[in-house]
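Below is one structure, written out as structure tokens; the observations come after it.
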Amino acid sequence: MLEAFFGGISSFAVSVANIAVQKTIDLIGGFIQRKFGKNWINNFSSIPKLIRVVTGNLEEIDNEITERQRSYKRSPNPKDQEAIEDLKRQKLGKFKEYQALQQEMAGQEITQDPSRFSESEMIQGEENKLLYHTGLITLGKNCPRCKSPMRLQHKTLNNPGFSDFFWQCTGFYIPEIQCRSTQPFRPLDLTLVHKTGIPEMEIRNDALITIASESYVQNLTDKRMKSHLGESDTDILCPVHLTPMFLKQKKGPDDMPILDRYHLGCKNPNCSQTTKLKSFPQLAAYLQRQEGSGILV
């Protein structure tokens, strides 16, 4: 059974521990084919464009909801109230479309060229492989209570261990749902299938921290991150408004630690949701999504 399936362009996770890569690939391919039909592989090149279109639609709908809510606040009326509810239904439909496209793109990548992927199990000291995915809405793993997508989170620690990770229901942030369901993360439940050639996924966490902490590496990483300020990340959606979050820089002194400097914020002016980029694997994953290469270039 496909338990967890991370969105994004670089790696995916499934609950198929201790089985061969090819079997894992077959499992993912079968899941995608059952979901989208036999001809899904013919449309791969158009999917990234469709994802951008759908995330743009989500932003447009959210902006319209905000305007309607302002109008209703000034003068409560049935017309605005009905419009708001209809727009929320439209947004939920677009979000489901977004999920389907992310699943389809990931499945197509891994089945078109299996040789580009390798498999990793969760071993103590390799927590960087999980940190790489923190904040991503998990495709294929839904809350057992409300069926909303779950995402991987961890306690606020500098170097979290596997026991500090947990699955959080994104329905917690939606007023109509407010689901507080969480599930513990168990390393034995998960096997990562990821693209080969991602250095941050191929070394231990302590080695990554040592290399990424070198001043010249940090300076280059900081320069690259600054070049993306204000850009949207279509793989990280605000859990409240379901719109792409954008890169922001925390105000502070020039010598502020790089792991305290960047975060993703929601574009909605009334939303305070953030996804902190508080680890080197998260910075690497962001740069990988935006540029095609992480910290260890």
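The values are calculated or read from the model by the stated rules, or taken from the named source; none is laboratory data. Values in this document were obtained by computation on a predicted structure and should not be read as measured data. Ideal geometry is used to build each Cβ from the backbone, glycine not excepted, and the neighbour counts take in all protein chains shown.
Residues that are among the hydroxyl-bearing types (Ser, Thr, Tyr), under 25 Å from residue 97 (Cα atoms) and in contact (Cβ under 8 Å) with a residue 60 or more places away in the chain are absent from segment 190-200. Residues in segment 74-123 that are out of contact with any helix residue (DSSP H, G or I) (no Cβ under 7 Å at 6 or more places or on another chain), within 25 Å of residue 185 (Cβ to Cβ) and part of a loop (DSSP other than H, G, I, E, B): 123 alone. Within segment 267-297, the set of residues being among the β-branched types (Val, Ile, Thr) and within 16 Å of the chain's Cα centre (by Cα) comprises 274, 275. Of the residues contained in segment 202-210, one or more are found to be over 17 Å from the mean Cα position of the chain (by Cα), surrounded by 20 or more Cβ atoms within 10 Å (Cβ to Cβ), not in a loop (DSSP other than H, G, I, E, B) and not aliphatic (A, V, I, L, M). When residue 128 is tested against (1) surrounded by 19 or more Cβ atoms within 10 Å (Cβ to Cβ); (2) closer than 25 Å to residue 62 by Cα; (3) of a type in the set (S, T, N, Q), only condition (2) is not met. Residues that are out of contact with any His (no Cβ under 9 Å at 6 or more places or on another chain), closer than 30 Å to residue 90 by Cβ, among the hydroxyl-bearing types (Ser, Thr, Tyr) and not in a loop (DSSP other than H, G, I, E, B) occur at least once in segment 218-240. Scanning segment 124-144 for residues that are closer than 19 Å to residue 187 by Cβ and among the aliphatic types (A, V, I, L, M), we see that the one that is modelled with the lowest pLDDT is 136. Every listed requirement among (1) touching a helix residue (DSSP H, G or I) at 6+ places or on another chain (Cβ under 7 Å); (2) part of a helix (DSSP H, G or I); (3) touching a residue at least 12 places away in the same chain (Cβ under 8 Å) is met by residue 71 save one, (3). Here is a check on your reading of the model: is residue 171 crowded, with 21+ Cβ neighbours inside 10 Å, modelled with pLDDT of 75 or more, closer than 30 Å to residue 58 by Cα and not hydrophobic (A, V, I, L, M, F, W, C)? It is true that residue 171 is crowded, with 21+ Cβ neighbours inside 10 Å, modelled with pLDDT of 75 or more, closer than 30 Å to residue 58 by Cα and not hydrophobic (A, V, I, L, M, F, W, C). If only residues of segment 248-277 that are in contact (Cβ under 8 Å) with a residue 60 or more places away in the chain and part of a loop (DSSP other than H, G, I, E, B) are counted, the one that is nearest to residue 232 (Cα to Cα) is 267.
You will find that of 152, 130, the residue that is within 16 Å of residue 281 (Cβ to Cβ), among the hydrophobic types (A, V, I, L, M, F, W, C), part of a strand (DSSP E or B) and touching a residue at least 12 places away in the same chain (Cβ under 8 Å) is 152 and no other. Residue-level analysis places residue 288 outside the set of residues that are surrounded by fewer than 17 Cβ atoms within 10 Å (Cβ to Cβ) and either closer than 20 Å to residue 198 by Cα or modelled with pLDDT of 95 or more (or both). Going through (1) assigned to a loop (DSSP other than H, G, I, E, B); (2) within 19 Å of residue 282 (Cβ to Cβ) one by one, residue 166 falls short only on (1). Here the condition is being at pLDDT 95 or above, of a type in the set (Gly, Ala, Ser) and either touching a Gly at 6+ places or on another chain (Cβ under 9 Å) or more than 27 Å from residue 112 (Cα to Cα) (or both); of 252, 230, it holds for 230 alone. Inspection of segment 269-283 finds no residue satisfying the criterion of being modelled with pLDDT of 95 or more and surrounded by fewer than 16 Cβ atoms within 10 Å (Cβ to Cβ).
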